[in-house]
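S.K.: Got a structure for you, questions after.
The values are calculated or read from the model by the stated rules, or taken from the named source; none is laboratory data. Just so you know, these numbers come straight off a predicted model, no measurement behind them. Virtual Cβ from ideal backbone geometry, glycine too; neighbours counted across all protein chains shown. Side chains included, ligands, DNA and RNA excluded: accessible areas come from the protein's heavy atoms. Shrake-Rupley method; radii C 1.70, N 1.55, O 1.52, S 1.80 Å.
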Amino acid sequence: MDSIYILGIESSCDDTSAAVIKDGILLSNVTASQAVHEAYGGVVPELASRAHQLNIVPVVDQALKKAGVEREQLSAIAFTRGPGLMGSLHVGVSFAKGMAASLGIPMVDVNHLHGHVLAHFVKESEDDNDKPEFPFLCLLVSGGNSQIVLVHSYKDMEVIGQTIDDAAGECIDKCSKVMGMGYPGGPIIDRLARQGNPEAYTFSRPNIKGYDYSFSGLKTSFLYSLRDWLKEDPDFIEHHKEDLAASLEHTVVDILMKKLRLAARDLKIKQVAVAGGVSANTGLRNAFHDYANRYGWKVFIPKFSFTTDNAAMIAITGYYKFLEKDFCPMELPAYSRVTV
């Protein structure tokens, strides 16, 4: 049987990424990030799509060269069809369509959120078999999403809990911005929190039924508390930034983990994974190990390179869809919003 080569393309936000997978094993994963957004405190869609146009050809070329694979060897092209920024998605979708048409090979459309979940199935060598068993729970947390996903199979995923307002990463980013710490806030808060006391300050926690989340109240509580403290000491943030970061992180992680624990207990599931950009957070990763010890979970935490938007997760999702011959018609457009 001939080997299956999948080229994955990811362009949902501000990272242009391409990866090549052979028979489920990762050969290359190349990403070009965009520093231009830092000055604006967030991703500017128009600037992002322009940067994708500049980056996509060299990124794909590099991914193929690093993999040692010729274009003619490709079996299919997998690409992020959504959700994401429409302008950014259009660049990747258009490129994938043009390349697939020129090579006469099928296209596989990938839900970006499915990709994050299936990042746990990326193999970097033949004997790399550390992956969750179905069914498992996946906490999917990023700047735009906070969801608890019940994963029945590679294709069958059910959102059983999600944020009703802000996402966890969005809350952290906004609180970082209020503190004047810069963008993106996640890595900054993570670094400061390592030096602070997580129990120094107490912030409002939501009381939401079921497995759903809410982070808008925490964000507001943080903002109002900070405002009051600054009235007493204009330099309060500078004097207490480590404790503020640690307390914020501790609150967010605690909210995330308690709902995940509730779902795992109710469904009697011990296989638990985390995915998405916030899965790079040190406090959250430590909490996963702690819960594994306390509740007998087998936990799956992605490598840092697979936490952010990357094409390896798109390629592996495309690989499993390719095996099912689940191909994408040329006329299907990108989409900006959808859940798992």
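S.K.: Just name the residue that is nearest to Gly161 (Cα to Cα) out of those in the range 201-231 that are open to solvent by less than 40 Å² (accessible area, probe 1.4 Å) and part of a loop (DSSP other than H, G, I, E, B).
M.R.: Selected residue: Ser214.
S.K.: Any residue at all in the range 299-306 that's open to solvent by less than 40 Å² (accessible area, probe 1.4 Å), assigned to a helix (DSSP H, G or I) and in contact with a Phe, Trp or Tyr (Cβ under 8 Å, 6 or more places away or on another chain)? Lay out the reasoning, then the answer.
M.R.: Here is the first cut: in the range 299-306, the residues open to solvent by less than 40 Å² (accessible area, probe 1.4 Å) are 299-300, 302, 306.
Keeping just the survivors that are assigned to a helix (DSSP H, G or I) gives 306.
Remaining after also requiring in contact with a Phe, Trp or Tyr (Cβ under 8 Å, 6 or more places away or on another chain): none.
No, the range 299-306 has no match at all.
S.K.: Determine whether the range 286-299 contains at least one residue that is at pLDDT below 95 and either farther than 16 Å from Val117 by Cβ or among the charged types (D, E, K, R) (or both).
M.R.: Of the residues in the range 286-299, the ones at pLDDT below 95 are none.
No, because not a single residue in the range 286-299 is at pLDDT below 95 and either farther than 16 Å from Val117 by Cβ or among the charged types (D, E, K, R) (or both).
S.K.: Also, I was wondering about something else. Name the residue, out of Ala246, Ala315, that is open to solvent by less than 40 Å² (accessible area, probe 1.4 Å), over 28 Å from Tyr5 (Cα atoms) and either touching a residue at least 40 places away in the same chain (Cβ under 8 Å) or not hydrophobic (A, V, I, L, M, F, W, C) (or both).
M.R.: Ala246
S.K.: For the structure I just gave you, tell me whether Leu89 is open to solvent by 40 Å² or more (accessible area, probe 1.4 Å), under 30 Å from Lys177 (Cβ atoms), under 24 Å from the mean Cα position of the chain (by Cα) and aliphatic (A, V, I, L, M).
M.R.: So Leu89 does not fit the description; no.
S.K.: Answer with yes or no whether Leu262 is of a type in the set (A, V, I, L, M), open to solvent by 40 Å² or more (accessible area, probe 1.4 Å) and within 22 Å of Val151 (Cα to Cα).
M.R.: Details: of a type in the set (A, V, I, L, M): yes; open to solvent by 40 Å² or more (accessible area, probe 1.4 Å): yes; within 22 Å of Val151 (Cα to Cα): yes.
The answer is yes for Leu262.
S.K.: Within the group Gly186, Gly196, which residue is in a loop (DSSP other than H, G, I, E, B), open to solvent by less than 40 Å² (accessible area, probe 1.4 Å) and in contact with a helix residue (DSSP H, G or I) (Cβ under 6 Å, 6 or more places away or on another chain)?
M.R.: Gly196
S.K.: Oh, and also: Would you check if Ile164 is among the hydrophobic types (A, V, I, L, M, F, W, C) and open to solvent by 70 Å² or more (accessible area, probe 1.4 Å)?
M.R.: Answer is yes for this residue.
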